[in-house]
Amino acid sequence: MSSQITAELKKPSELSPAEREAWQEFTDHNSTLTSPYFRLEFADAMEVARTDTRVIVARRSGELLGFLPLQLGKVGYARPLGGPLGDVQGLIQPGGAQADPRDWLRASGVPLFEFQSAVGVDQKWRDYGRTQDGSWVCDLSGGFEAYEAHRQLLSPSAFKNIRSRTRRLEKVEEGFEFCLQDERLDVFDTMIEWKRQQYHRTQVFDVFSVGWTKTLLEAILKTQTDRFRGTCSTLRIGGKIAAVHIGMASEALTHYWFPAYDPEFNRISPGLLLLIEMIKDAAERGHTGLELGPGEYRFKLELGSYQVPLWQGCMMTRSAPAVLRGVSQVLAGACEKAPLGKIGSLPRRALRKADKLAAFYAW
């Protein structure tokens, strides 16, 4: 059957009206594709930010099977849409469909696809996966009160602390102001400044050191449709910005993405309080959940209701020696440009760093 599969690589802007309509139809009726990462609007925003944005359009005997959005690097070395910023990935296809992504990659001529957060409900991702993780989700299907009651049973100290800090804000700090969509001019730049300071303090790679990250967020914030919207939320104390979050939402799920806060307010955890307000707002809007993404952070363990399984792994459609020769050349170039020195002298940790740099710099 796989020999009957044909596929072509297109930019999102090159998709035909019928293909764009099919994409929306698939995501509207596939319960595993509720994340805004799967919406066509996110692919459009990625194309604005990165010229290597592509979509595999797969067919069998002329019938459209689905789409696999990705970033196509040098020598065909592909990564999921959004690269390192992509928290959730997968095939855009009808609910219940069983497809082998490797067949789609082979038919489109992509020799290697490295994925890090593929939704694990699809058996094929598990087959090719090496390690498993999970994306935390706050279950809001029963509303905020039901969510809060359930989390209080499992994390009573966490919610007691949150209520205490909220009361302190209301009584001592002269209250606070939550804004879901804050379009004031200083907010966007403030978030980036605080986030870059955080990266520097924690010695984490500064994702804003590459220009496309800011371009992507700007494109997302400009996108407001029935199925997708960028969000820029704030918590203000005494009229001053204490915490900012920039993210996105589908019609059913809010995704928690870029939070930042003013260290001056660290004693009252403004970032956490902003997140609680966002959870309340998502529930009021009828969203079934707020997705916190992967990672064993304390706040995710305390606030997350469950995890969506994610798989990390690699698919190759050509012989391993041929693929790895090309990849090693790209990685060597990435190391030299970083600069990290010659690839032969690098320890494993430095190689992982080089690979991450390659993903950010679209090598």
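Out of curiosity, is TYR77 modelled with pLDDT under 90 and open to solvent by 40 Å² or more (accessible area, probe 1.4 Å)?
Values: modelled with pLDDT under 90: yes; open to solvent by 40 Å² or more (accessible area, probe 1.4 Å): no.
Considered against the rule, which asks whether it is modelled with pLDDT under 90 and open to solvent by 40 Å² or more (accessible area, probe 1.4 Å), TYR77 comes out as no.
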>> Among the residues of the stretch 274-289, are any open to solvent by less than 70 Å² (accessible area, probe 1.4 Å), closer than 30 Å to LEU33 by Cα, at pLDDT 50 or above and assigned to a strand (DSSP E or B)?
In response: yes
> For the stretch 103-125, which residues satisfy the criterion of being modelled with pLDDT of 85 or more and open to solvent by 20 Å² or more (accessible area, probe 1.4 Å)?
Replying inline: ASP103, ARG106, ALA107, SER108, GLY109, GLU114, GLN116
>> Of all residues being open to solvent by less than 10 Å² (accessible area, probe 1.4 Å) and among the β-branched types (Val, Ile, Thr) in the stretch 238-256, which is nearest to ASP87 (Cα to Cα)? Just the residue, please.
In response: ILE246
>> So GLU47 ticks every box in (1) closer than 25 Å to GLY247 by Cβ; (2) in contact (Cβ under 8 Å) with a residue 60 or more places away in the chain but one. Which box is left unticked?
In response: (2)
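For SER141, state whether it is open to solvent by 60 Å² or more (accessible area, probe 1.4 Å), without any contact (Cβ under 8 Å) to a residue 12 or more places away in the chain, at negative phi and hydroxyl-bearing (Ser, Thr, Tyr). Spell out how you get there, then give the answer.
Values: open to solvent by 60 Å² or more (accessible area, probe 1.4 Å): yes; without any contact (Cβ under 8 Å) to a residue 12 or more places away in the chain: no; at negative phi: yes; hydroxyl-bearing (Ser, Thr, Tyr): yes.
The answer is no for SER141.
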> Of the residues that sit in the stretch 196-236 and are assigned to a helix (DSSP H, G or I), over 17 Å from the mean Cα position of the chain (by Cα) and among the charged types (D, E, K, R), which one is modelled with the lowest pLDDT?
Replying inline: ARG201
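Here's the yes/no breakdown for (1) among the β-branched types (Val, Ile, Thr); (2) within 20 Å of the chain's Cα centre (by Cα):
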residue	(1), (2)
LYS74	no, no
PRO84	no, yes
GLN98	no, no
GLN132	no, yes
SER135	no, yes
ALA149	no, no
ILE162	yes, no
> How about the stretch 57-72: which of its residues are more than 29 Å from GLN307 (Cβ to Cβ), at pLDDT 95 or above and within 22 Å of the chain's Cα centre (by Cα)?
Replying inline: VAL57
>> What are the pairs with Cβ atoms under 7 angstrom where one residue, in the stretch 209-220, is within 15 Å of GLU193 (Cβ to Cβ) and the other, located anywhere, is open to solvent by less than 10 Å² (accessible area, probe 1.4 Å) and polar (S, T, N, Q)? Sequence gap at least six, or different chains.
In response: none
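Just to verify a result, which residue in the stretch 165-187, among those that are assigned to a loop (DSSP other than H, G, I, E, B) and at pLDDT 80 or above, is least open to solvent (accessible area, probe 1.4 Å)? Break it down stepwise before answering.
Of the residues in the stretch 165-187, the ones assigned to a loop (DSSP other than H, G, I, E, B) are 172-175, 180-184.
Filter once more, keeping what is at pLDDT 80 or above: 180-184.
On the way: LEU180: 30, GLN181: 59, ASP182: 8, GLU183: 149, ARG184: 105 Å².
Looking at the filtered set, the residue picked out is ASP182.
Kindly provide the set of residues from the stretch 257-267 that are surrounded by fewer than 23 Cβ atoms within 10 Å (Cβ to Cβ) and either of a type in the set (S, T, N, Q) or touching a helix residue (DSSP H, G or I) at 6+ places or on another chain (Cβ under 7 Å) (or both), ordered by number.
Let us first name the residues in the stretch 257-267 that are surrounded by fewer than 23 Cβ atoms within 10 Å (Cβ to Cβ), namely 257-260, 262-267.
If the condition is that a residue be surrounded by fewer than 23 Cβ atoms within 10 Å (Cβ to Cβ) and either of a type in the set (S, T, N, Q) or touching a helix residue (DSSP H, G or I) at 6+ places or on another chain (Cβ under 7 Å) (or both), then PHE258, PRO259, ALA260, ASP262, ASN266 are the ones that fit.
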> Can you find a residue in the stretch 339-348 that is open to solvent by 30 Å² or more (accessible area, probe 1.4 Å), at pLDDT 85 or above and not in a loop (DSSP other than H, G, I, E, B)?
Replying inline: no
> Which condition breaks for MET191 when tested against (1) in a helix (DSSP H, G or I); (2) surrounded by fewer than 16 Cβ atoms within 10 Å (Cβ to Cβ)?
Replying inline: (2)
> Do we find a residue being closer than 23 Å to MET315 by Cβ, without any contact (Cβ under 8 Å) to a residue 60 or more places away in the chain and polar (S, T, N, Q) anywhere in the stretch 53-60?
Replying inline: yes
> If you scan the stretch 1-55, which residues turn out to be open to solvent by 40 Å² or more (accessible area, probe 1.4 Å) and in contact with a helix residue (DSSP H, G or I) (Cβ under 7 Å, 6 or more places away or on another chain)?
Replying inline: SER2, THR6, GLU8, LEU9, LYS11, SER13, ARG20, GLN24, ASP44, GLU47, VAL48
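The values are calculated or read from the model by the stated rules, or taken from the named source; none is laboratory data. Quantities reported herein were computed from a predicted structural model and do not represent experimental measurements. In this analysis, Cβ positions are derived from the backbone assuming ideal geometry, glycine residues included, and neighbour counts consider all displayed protein chains. Remember, those area values only see protein heavy atoms, side chains included, never the ligands or the DNA or RNA. Shrake-Rupley method; radii C 1.70, N 1.55, O 1.52, S 1.80 Å.
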